[in-house]
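All remarks here apply to the structure that follows.
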Amino acid sequence: MKKTTLIIIIITIAIIFFLAGLIAGKALSKNKIAYYEEIINTYNPQAEEITSLTGEVIQKTNESLTIKTKIQDPYKLPQDWEEERIIIKITDETKILKLDPDRIEEKQVAFSEIEEGARISINSKEDVRNKAQVQAESIYILENE
C-alpha cells in the first residue's frame, strides 16, 4: 500500500470518529438538559397556572394599567429573569384594595388612588403566563419600599 493511500485512510477514519463523537456529544448534552430540568421540577415543582403578578405601574389610562414586572424562570437566576410590560385591564367588577401595614388590614379604594410608580399586586381568574394583557379580578396597592 502506498504511503498516500494510507494517509487518506487514516484521515477518513479520523473524520468519521470526529463526526461520530460530535453527534454523540450533542445527544448527551440534550439528555443532560432534560435530566437537570427534571430534577429542578421534582424538587421545585412549577405551578400549572400563575394567576397573580406584582410590578410597578408605568402607565395608567381610564380602563387599564401597564406594569413592569419580572417573570420568574426556574431555570435562571433571579438577576437573569426577563422584564416584561403587561397591560392590566380594569372592569367595574375589579376590586381595588390598599394594604394598611400598621393595622394589617386592607381597605377598598378608588381606581384614582393608583398612581404611576406605585407597586401593585394583581390577581386574575386566568393564567397570566405568556400574556401581554390580562384582566384583573383584584388589585392590591402595596407600600413602596
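Derivation of every value follows stated rules applied to the coordinates shown; laboratory data play no part. These numbers were taken from a predicted model, which means no experiment stands behind them. Cβ coordinates were reconstructed from backbone atoms using ideal geometry, including for glycine residues, and neighbour counts include every protein chain displayed.
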Open item on the list: Explain nothing, just compute: Karplus ³J(HN,Hα) = 6.51 cos²θ - 1.76 cosθ + 1.60, θ = phi - 60°, for every residue of segment 131-136 in order, whole Hz, x for Gly and Pro.
Closed with: 10, 8, 8, 9, 9, 7
Task: Between helix 3-43 and the chain: long-axis angle, C-alpha atoms, 0 to 90°, nearest 10 - done: 20
Task: Low-density loop cleavage sites - GluC sites (Glu not before Pro) in segment 105-137, where at most 11 other Cβ are within 10 Å (DSSP) - done: Glu115, Glu116
Open item on the list: If the elastic network links every pair of Cα atoms under 10 Å, which of Leu77, Leu99, Leu19 fluctuates the most in the Gaussian network model of the chain?
Closed with: Leu19
Open item on the list: Over the chain, with a Gaussian network built from C-alpha contacts below 10 Å, which listed residue (Lys26, Lys89, Lys125) shows the highest mean-square fluctuation?
Closed with: Lys26
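Translational diffusion coefficient of the chain at 20 °C, 1.002 mPa s, Stokes-Einstein with Kirkwood Rh over Cα pairs, in µm²/s as a whole number. Could the numbers behind the result be given before it?
Details: Rh = 19.4 Å.
D = 110 µm²/s.
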TODO: Between Ser52 and Lys32, take the C-beta separation as r, use R0 = 30 Å, and let me know the FRET efficiency to the nearest 0.05.
DONE: 0.35
Open item on the list: Given a 10 angstrom Cα cut-off, can you work out which residue in Val128, Val57, Val109 is the most mobile in a GNM of the chain?
Closed with: Val109
Task: Computed label-point distance, nm, for sites Leu19 and Asp100 using a 7 Å Cα→Cβ extension - done: 7.6
Task: Cα-based shape type of segment 75-145, given that a ≥ b ≥ c are square roots of the gyration tensor eigenvalues and the cut on a/c is 1.5 - done: oblate
- [ ] Compute the relative contact order of segment 52-142 as a whole-number percentage, counting only Cα pairs closer than 8 Å that sit 6 or more residues apart in sequence.
- [x] 33
Task: Value of [θ]222 nm, deg cm²/dmol, for the chain, DSSP H segments ≥ 4, -39500 (n - 2.57) each, nearest 500 - done: -10500 deg cm²/dmol
